[in-house]
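Reviewing the structure listed below.
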Amino acid sequence: MTTVHHRDAGQLRVDTNECKGCGLCIEACPPKVIRLEESLNPYGYRTATYMGAGCTGCGICFLVCPEPGAITVLRARRPGPAAASGPQVRP
Amino acid sequence: MPKQLMKGNEAIVKSAILAGCRGFYGYPITPASEITEAAAAWMPQVGGVFLQAESEVAAINMLYGAASAGVRCMTASSGPGISLMQEGISYMAGAELPCVIADITRGGPGLGNIASEQSDYHQVVKGGGHGNYRTLVLAPHSVQEMADLTALSFELADRYRNPVVLLADGFIGQMMEPVEFPQSATEPCLPRWAVAGTAESRGNAITSMHLDTDKLESHVRQLEAKYFIAEQREVRAEDWHTEGAEIVLVGYGIVARILKGVAAEARAAGLPVGVLRPITLYPFPALHFQRLAPRARVFLVVEMSNGQMLEDVRLALNGARPVEFLNRMGGNAPTHHEVLEAVRELARRHLPALPAEEEWIVHV
Amino acid sequence: MSSEPEVSWEIARSKPASFYSTYERKDELQHATHYCPGCGHGIIHKMLAQAIDDLGIQDRTVLISPVGCSVFAYYYFDVGNVQAAHGRAPAVATAVKRSRPGSVVIAYQGDGDLSAIGSAEILHAANRGEALTVIFVNNAIYSMTGGQMAPTTLMGQTSTTSPQGRGAHEGYPLHVSELLATLEAPVYIERVGLGDNKQIAQAARAVRRALDNQVRGLGFSLVEILSPCPTIWKMTPVEAQHWVRDVMEGTFPLGVLRDRTQSAQSDAVPAPPPLLSAVPRILGIAKTGLPAEPSAVGAAPDLNLQVRMAGFGGQGVLLIGEVLAEAGLDAGLEVSWLPSYGPEMRSGTSNCHVRLARELIDSPLVAHPDVLVAMNEPSVRKFCAMVRAGGWILYNGETLPEDCDWKDVHVLARPFTRIAKDLGDARAANMVMLGALLEIAGNLPRTSIESALGRLVRNPRWLALDEAALASGRKLMREACAEANHAS
């Protein structure tokens, strides 16, 4: 099944050109849905990757990530007041 | 009475403001403190910034900031303070930032004393900081020139995007003479490369760093090209009765004033003596020396240092003529009498046919 | 097919707009920063960029990059950038901010930069209350240069320059934020850490606050951020993060050390500068403000006078020299006035050289004066031998010291101080002596002297006294000359 994650509040994208595989996002992620790739990127790093399900869209991985563009956090837009609520962690 | 009696140090500040200078950052030091004091009095009145820094190191780095923000700016100091500023001067030359630094020299090394010397020549003219750079250096010899060359310094600093040093001794800084100023003020303008905290200037960056070896080399070559242009265009010197001079006296700043007095007396007695006064110490007026060499029999360099400009004179003449040297140090100025004696001695040794001595030896 | 509801996705967190999309100032790998994996700088950069975005100040922002690992910050931030010398960012930032008060200036510094070589610059910028935002990244080590000891290195922590671990001989960890919090001016100082999610979230709030304070014109704000350096610490990024929380925080407690943001006043809007055309007048050099003609009509007098004036500091020798020079200028002569200066002005002897001439003056130094005005004995001893044959010594005393009696020189020795005291104030002795001198320089127009004195002596009571003193001096000299003539 490929549609399970659509029930999730969020998801994340990792730019494999930018990620240096430091693992801080993995440590920081509350639902623990990030892991390191087994393969290396062109610069020799095992980059972070989203496991594909369970992201809450909290944005903590983004906050702790040292690379400006390595992580993008997406949040599901659903009808109703919930759609207007911002990130759970506000800098 | 169009002229006013004014101290050289005060004339610098008024001329700077007329030239569009709107930032003064300095640290007090004798004999340059009047410049800082005058800036404190006048700069705020014209909407400029005056700030007394915690050190000369901070002051020159404040100039780095003000120049980065596109403001014509200046500082003033003396030997020990100029030594501390060398770091920032190197950074400014590297980052191609314009500024004007007035160095009202005093005695050294170390704490030395507060009397006038010309012993900052090496650290200013040769660049006391690290790296391949030059500063343009102007040497006034009167209060009027303190004003005129300050204005020129700001023009040159902007034209070459480089620090310019106004190198004056304590005498010129402290003395009062009649001075006349232009009656119109230059509009401060914003250079296109400045970082001014605006949308238009957001893309600009000021840095002296070029990590790549080829890029740094190319940057330094570009600086060299700039200095080469300055060497072609900006050389200034005063030829004072040098036409036909067989003994050429060489000095800058207060020394040149003394030399003119001596030369006038010697000339009145029929001796072919002239004065060559470098006004730009960098670029050095080497061609002026070479032009005089065929006619001159000897050059006498007079300095209040251990022979720092002497080296440049020798390089300029490259052995074409003998170069003699007379100096005083420690804050002493060579006296009229001392120089006249030296001229007499040179005349004896180098001039074939002398007028009878009694005709030209003047009582002093 | 699936019965899932339609879901659209919006970007909740992404690279802030205040970063460049590609880092074109970098020589290579322009898609990523130069920072090591797990470096705190990247995290702090993001907080800062996010705060710039959120406050809508990208165009106004000027970032001062330091020396240290963040020396290349200007590769990344799409704002106005100035890269500074090691430790000098607060000085550079000070002048940028004062030059362009509308800008938002951030000094970004590491611990070596800010707390060692730049300790003076940060202290004074804070003490002046410069309206800056300082981001102080403390990782307890010199990282860029390969792991040498910093002022913030912990006790016992090894570094390449404290291989046995930092001991008391190397000094103790410097608590910069606490030091700065003793100053009056700063409005906001907080220490935060990057030790865990919670700390990082708090750090982001502090950074934003420090920036917002500047936007609101409140004054000096500094955020110290305890930051991991996995590479030099020889830890994994996660270990390094925990070390910040578990070890560093023990030495550097987190918290707000200063918060005067409630009581701080916004900076006043600077007044607009005066019109350019008004500048010469403001500087007092507008020709319209000066007398158009010398007060003395006619050609300049035929006068060539070289004078040395000397006395104790406070006796007013510099002033009478100035009066003489001003009068000469007023009379259309070339003049110069050269003082001794420095400590001599405050104690000991003071002297000046004055020249008046029809022709351009070559040297302002008077080696052989026509007139020596000596207001005390040390001065006459020092300068009497210089006086030109046929010249004058004016001496403040009953008689010239015997060994100073130069045979080819005229002497007027009088107790000028007592004479002045009889006139009303002993301090006018200098003017009595100037009067005597002016009698020698007889062809200097009186109008020029009065005009010079009026410009230099503003107090009417003193002006009246000085005029009387001048007249008294002239009279003394006339009488002395008459006596001499009579005697011969």
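The values are calculated or read from the model by the stated rules, or taken from the named source; none is laboratory data. Note that the coordinates shown come from a computational prediction; the quantities given were computed from them, not determined experimentally. Note that each Cβ is placed from the backbone with ideal geometry, even for glycine, and that neighbours are counted across all protein chains shown. Heavy atoms of the whole protein, side chains included, go into the accessibility calculation; ligands, DNA and RNA do not. Shrake-Rupley method; radii C 1.70, N 1.55, O 1.52, S 1.80 Å.
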Where does each of C:Cys36, A:Cys65, B:Cys189 land when they are ordered by accessible area, with a 1.4 Å probe and the largest first? B:Cys189, C:Cys36, A:Cys65
Length-normalised contact order of chain C, Cα under 8 Å, at least 6 apart, in percent, tallies to 9 percent
Rounded to the nearest 10 Å², the 1.4 Å probe accessible area of C:Glu239 is 100 Å²
Shielding of C:97-110 by other chains, given as the mean Cβ count within 10 Å, works out to 4
Output needed for chain B: three equivalent-ellipsoid semi-axes, defined as square roots of 5 times the C-alpha gyration tensor eigenvalues, in descending order, whole Å. 38, 23, 17
Other protein chain Cβ atoms within 10 Å, averaged over every residue that makes up C:60-73: 3
With Cα springs under 10 Å, the Gaussian network model of chain B assigns the largest mean-square fluctuation among B:Asp312, B:Asp120, B:Asp169 to B:Asp312
Counting DSSP beta bridges in segment B:237-360, what percent are antiparallel, to the nearest 5? 25 percent
Nearest-0.05 FRET efficiency for C:Thr447 and C:Glu377, computed from C-beta distance (R0 45 Å): 0.80
As computed over segment B:42-193, the Cα convex hull volume per residue (Å³): 112 Å³
In degrees from 0 to 90, rounded to the nearest 10, what is the angle of the helix C:446-456 Cα long axis to the longest principal axis of chain C? 30 degrees
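Tell me, rounded to the nearest percent, the portion of alpha carbon pairs in chain C spaced more than 33 Å apart.
Value for chain C: 58 percent of Cα pairs lie more than 33 Å apart.
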Taking 10 Å² as the minimum loss, tell me which residues in segment B:1-26 lose that much accessible area going from the chain by itself to the full protein complex (1.4 Å probe). B:Met1, B:Pro2, B:Lys3, B:Gln4, B:Leu5, B:Lys7, B:Lys14, B:Ile17, B:Leu18, B:Arg22, B:Tyr25
Per DSSP H run of at least 4 residues, take -39500 (n - 2.57); add these up for the protein assembly as shown, divide by its residues and hand me the 222 nm value, nearest 500 deg cm²/dmol. -10000 deg cm²/dmol
Please give the helix B:79-95 orientation as an angle from the longest Cα principal axis of chain B, in degrees from 0 to 90, rounded to the nearest 10. 60 degrees
Could you derive backbone 3J(HN,Hα) for segment A:53-60 from the dihedral phi with the Karplus parameters 6.51, -1.76 and 1.60 (θ = phi - 60°), listing whole Hz in sequence and x where the residue is Gly or Pro? 8, x, 5, 9, x, 5, x, 5
Gyration tensor verdict on segment C:299-487 (Cα atoms; rounded if a/c is under 1.5, prolate if a/b is larger than b/c, oblate otherwise): rounded
Ordered by packing density, taken as the mean number of other Cβ atoms within 10 Å over each peptide's residues, highest first, how do B:233-245, B:74-86 rank? B:74-86, B:233-245
Computed from every Cα-Cα pair in the protein assembly as shown, P(r) in 20 Å bins starting at 0 and rounded to whole percents is 13, 36, 28, 16, 6, 1, 0
Checking B:Leu259, B:Leu310, B:Leu97 against a Gaussian network model of chain B (alpha-carbon springs below 10 Å), the top fluctuating residue turns out to be B:Leu310
Quick one: how many Å² of C:Val411 are accessible to a 1.4 Å probe, rounded to 10? 50 Å²
Total accessible surface hidden between C and B, rounded to 100 Å², 1.4 Å probe: 6100 Å²
Between B:Arg267 and B:Glu200, what is the FRET efficiency for a Förster distance of 60 Å, r being their Cβ-Cβ separation, to the nearest 0.05? 0.55
Filter the trypsin sites (Lys or Arg not before Pro) in segment C:363-452 down to the DSSP loop ones having no more than 16 other Cβ atoms within 10 Å, then list what survives. C:Lys407
Order by accessible surface, 1.4 Å probe, largest leading, for residues C:Phe136, C:Phe312 comes to C:Phe312, C:Phe136
For peptides B:6-13, C:184-191, sequence by mean Cβ density within 10 Å, most packed first: B:6-13, C:184-191
P(r) tail fraction, segment B:207-353 - alpha-carbon pairs more than 18 Å apart, %: 59 percent
Distance between modelled label sites at A:Met51 and C:Asn127, nm, 7 Å Cα→Cβ extension: 5.6 nm
Taking Cα atoms only, helix B:143-160 is inclined relative to the longest principal axis of chain B by an angle, in degrees rounded to 10, of 50 degrees
Count the net charge of all other residues whose Cβ sits under 15 Å from the Cβ of C:Phe252, scoring Lys and Arg as +1 and Asp and Glu as -1. -3
State, to one decimal in nm, how far the label point of B:Arg348 lies from the label point of B:Arg295, with both points 7 Å from Cα in the Cβ direction. 2.7 nm
per DSSP, antiparallel bridges as share of beta bridges in chain C, % nearest 5, sits at 35 percent
Taking a cut-off of 16 Å between Cα atoms, list the aspartates and glutamates near C:Lys421, but don't count ones fewer than 8 places away on the same chain. C:Glu398, C:Asp466, C:Glu467
Heavy atoms only, probe 1.4 Å: what % of the accessible area of segment B:4-233 goes to carbon and sulfur, would you let me know? 52 percent
Rough spin-label spacing in nm, given labels placed 7 Å along Cα→Cβ, for B:Asn132 and C:Gln148: 2.6 nm
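Taking R0 as 60 Å, what FRET efficiency do you get between C:Glu402 and C:Arg216 from their Cβ-Cβ distance, rounded to the nearest 0.05? Please report the intermediate quantities before stating the final value.
Working: r = 77 Å, r/R0 = 1.28.
So, using R0 = 60 Å, E works out to roughly 0.20.
Students often check this: by mean Cβ neighbours within 10 Å, which of B:51-60, C:157-166, B:130-139 ranks highest, and how do the rest follow?
Put in order of decreasing packing, that is B:51-60, B:130-139, C:157-166.
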So what is the orientation-averaged projected area of segment B:1-59, using the convex hull of its C-alpha atoms, in nm²? 4.4 nm²
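Run the numbers for C:Gln265 and C:Ile11: contour at 0.36 nm per residue of separation, minus the present Cα-Cα distance, in nm.
Result: 87.6 nm gained on full extension.
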Per residue, the convex hull enclosing the alpha carbons of segment B:159-201 has a volume in Å³ of 144 Å³
Mean per-residue count of partner chain Cβ within 10 Å for A:17-25 equals 6
Share antiparallel - DSSP beta bridges, the protein assembly as shown, percent rounded to 5: 40 percent
